[in-house]
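Structure record follows, encoded as structure tokens.
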Amino acid sequence: MDAIKNAYYRSFQAVFNVAARCLYWRKPITVEGEGALSKAPKLFKKNHVKKVMIVTGRTVGKTIAPIAKAALDKAGIAYEHYSEVSANPTVTVVNEIQKKYLETGCKGFLAIGIVWLVSCVAEYLVYTPMLGAGGGYLAFITGNLINMKIPCAVNARDIVGAKTGTPENEIISTLSIATASLVTIVILALGVLLLIPLQPVLQSPALQPAFDNVVPALFGAMAYKYYRKNMKIALWPLVLMSVLFILVPGLLGSTSFMILPSGAIAIGVAYFRYRRSRKETAA
């Protein structure tokens with residue numbers, strides 16, 4: 001019976017995939033730039049939307065969402081707010097948003113997102129020297145840098161012993177990122193085929209903490225081997241950033257932005273130790 005159901009689901013998906021290309025899909029209206037939040041209520045009024053669902057992450061929900069709420073209040077538009085969206089939303093989150101949207105009688109969405117220009121520049125300056133021109137281009141085009149491409153490139157570089165900034169490093173980075181991209185496509189294809197059978201497992205509350213901590217666990221394992229090479233340099237940024245994240249939990253959603261201060265601390269500590277060793281040698 002299960003085999004028949006799976007065959008039906010796969011057939012339905014294949015047919016719908018073809019039919020969807022012929023259907024008319026409403027495109028969301030994107031409002032950006034200065035004063036974007038003040039323009040949103042006008043669009044809702046124009047389309048006779050009297051109640052909206054505001055969708056944000058936690059950081060944006062505390063900083064920018066109040067501005068949007070004030071604009072909606074001024075325009076006389078009611079709203080509900082969902083602020084638990086993460087960088088990679090799970091099916092559970094999507095279902096929660098849908099449930100709240102239907103239960104509260106909302107007729108439109110106001111999804112608020114921000115683009116950290118500083119993060120964009122920081123990631124480019126940090127990752128490009130690590131990956132080289134070819135690897136950097138391929139990584140930025142295919143995406144998933146932090147949780148896949150960078151770990152693959154760094155691990156491949158360490159295995160062959162290539163040094164940053166060398167032609168060997170660029171070749172290894174390009175090959176490893178290309179391989180990671182192909183593996184991603186294969187995994188996504190398998191995920192589409194097995195989505196329905198695996199849905200109870202993927203939505204299991206027991207496994208949710210594991211999915212939420214995949215990236216920290218991956219980077220923690222990778223970082224350890226670098227920390228132990230020179231703990232005196234790694235200790236200061238590690239401790240200071242940990243204390244900062246504990247005191248200001250909202251910064252957890254701005255990890256790319258925090259690369260700048262943590263990197264500056266590490267460079268400062270390394271420079272201070274270098275100067276002190278020079279003085280000790282001269283003495």
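Which residues, taken from segment 67-84, are out of contact with any helix residue (DSSP H, G or I) (no Cβ under 6 Å at 6 or more places or on another chain) and either among the hydrophobic types (A, V, I, L, M, F, W, C) or under 30 Å from MET148 (Cα atoms) (or both)?
Result: ALA70, ALA78, GLU84.
Tell me the residue from LEU235, LEU193 that is in the same structural domain as ARG273 (by TED's automatic domain parsing), of a type outside the set (Phe, Trp, Tyr), modelled with pLDDT of 75 or more and surrounded by 12 or more Cβ atoms within 10 Å (Cβ to Cβ), please.
Sole residue among the options that is in the same structural domain as ARG273 (by TED's automatic domain parsing), of a type outside the set (Phe, Trp, Tyr), modelled with pLDDT of 75 or more and surrounded by 12 or more Cβ atoms within 10 Å (Cβ to Cβ): LEU235.
Would you pick out the residues in segment 60-82 that are under 16 Å from GLY108 (Cβ atoms) and surrounded by 14 or more Cβ atoms within 10 Å (Cβ to Cβ)?
ALA65, ALA68, LYS69, ALA71, LEU72, ILE77, ALA78, TYR79, GLU80, HIS81, TYR82 - these are the residues of segment 60-82 that are under 16 Å from GLY108 (Cβ atoms) and surrounded by 14 or more Cβ atoms within 10 Å (Cβ to Cβ).
Condition test on GLY165, is it loosely packed, with under 12 Cβ neighbours inside 10 Å, outside the structural domain of SER38 (by TED's automatic domain parsing) and over 23 Å from VAL214 (Cβ atoms)?
Here the answer is yes, as GLY165 does meet what is asked.
The values are calculated or read from the model by the stated rules, or taken from the named source; none is laboratory data. Since the structure is predicted, the reported quantities are computational estimates derived from the model, not experimental observations. Note that we place each Cβ from the backbone using ideal geometry, even for glycine, and neighbour counts take in every protein chain shown.
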